[in-house]
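For reference, the structure is listed below as structure tokens.
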Amino acid sequence: MALRTLFTRKPLITAPLGFRGLQTFSLPDLPYDYGALEPAISGEIMQLHHQKHHQTYITNYNKALEQLDAAITKGDASTAVKLQSAIKFNGGGHINHSIFWKNLAPVREGGGEPPHELLGWAIDTNFGSLEALIQKMNAEGAAVQGSGWVWLGVDKEVKRLVVETTSNQDPLVTKGASLVPLLGIDVWEHAYYLQYKNVRPDYLKNIWKVINWKYVSDLYAKESS
Ligand SMILES: [Fe+2]
């Protein structure tokens, strides 16, 4: 009976993937004015970085997702595979910049104030001191060849803080499935060139004056609980 039912039942009609409604992305607002991070980062850089660079990643990510949706609907495996690098690059750009904006805060809103409690202790345990962590991230960020990011993350598997770099727009998770980004610093030239020209180490030295350690600390407390 059960077998007969199984073979005589009409196949379920499923809607093509494209009919489910593809979620696309839009530019998140900055939690401060473009000029609010001066003098560490100029308003001109922040506006261009947010409105042009981040927006372009989002536009191209949405385009690639729409093309992928269409390719899957048509069963076009070749196009679906071909789109993966655009999805990684532009989707990574959107993910990374969305983190970066939240990692920064104007000085008058606590930017640059050091972390306390859980994160402060974890930094001392893993790196010796906050100053040692900053020196490590500055050295590794300065050494990134071409474009990329330097990260402070937490490895949720072994419950340790880690410093990592990624190339291009690769998100931190590409360095390990258990890595969660806490603080990412953009070392692409577009993040500093208008103000610091080619001197990336000066940009890295000054960005710590506007790091939102309160946000990073709250995120660490959440991710390590
Ligand atoms: Fe950027």
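Key figures
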| quantity | calculated |
| --- | --- |
| Rounded, prolate or oblate (a/c below 1.5 giving rounded, otherwise prolate when a/b exceeds b/c) for the stretch 169-218 by Cα gyration tensor | oblate |
| Label-to-label distance, nm, for residues given as K159 and S129 (7 Å Cα→Cβ offset) | 2.7 |
| Lys/Arg +1, Asp/Glu -1 at C-beta; the stretch 126-225 dipole; positive extreme among N212, G146, L183 | N212 |
| Lysines with Cα under 30 Å of K82, excluding same-chain neighbours fewer than 8 positions away | K52, K63, K74, K175 |
| Cβ-placed point charges (K, R +1; D, E -1), dipole of the chain about Cα centre in debye, nearest 20 | 1080 |
| Gain on full stretching of the segment that runs from R108 to K63 - 0.36 nm per residue minus C-alpha separation | 12.3 nm |
| The stretch 137-225: trypsin sites (Lys or Arg not before Pro) in DSSP loop, at most 13 other beta carbons within 10 Å | K159, K197 |
| Per-pair calculated FRET efficiency, R0 = 25 Å: Y193 and D33 via Cβ, rounded to 0.05 | 0.70 |
| Centre separation in Å (Cα based) which lies between the stretch 198-214 and the stretch 111-180 | 14 |
| In Å, descending, principal axis extents of the Cα set of the chain | 72, 38, 32 |
| 222 nm mean residue ellipticity, helices alone, for the chain (DSSP H n ≥ 4; -39,500 (n - 2.57); rounded to 500) | -14000 deg cm²/dmol |
| S147 versus K214: modelled label distance in nm, points set 7 Å from Cα along the beta carbon direction | 3.3 |
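Readers should treat all values here as calculations from the given coordinates under stated rules, not as data from a laboratory. Keep in mind that what you see is a predicted model, and the values were worked out from it rather than measured. Virtual Cβ from ideal backbone geometry, glycine too; neighbours counted across all protein chains shown.
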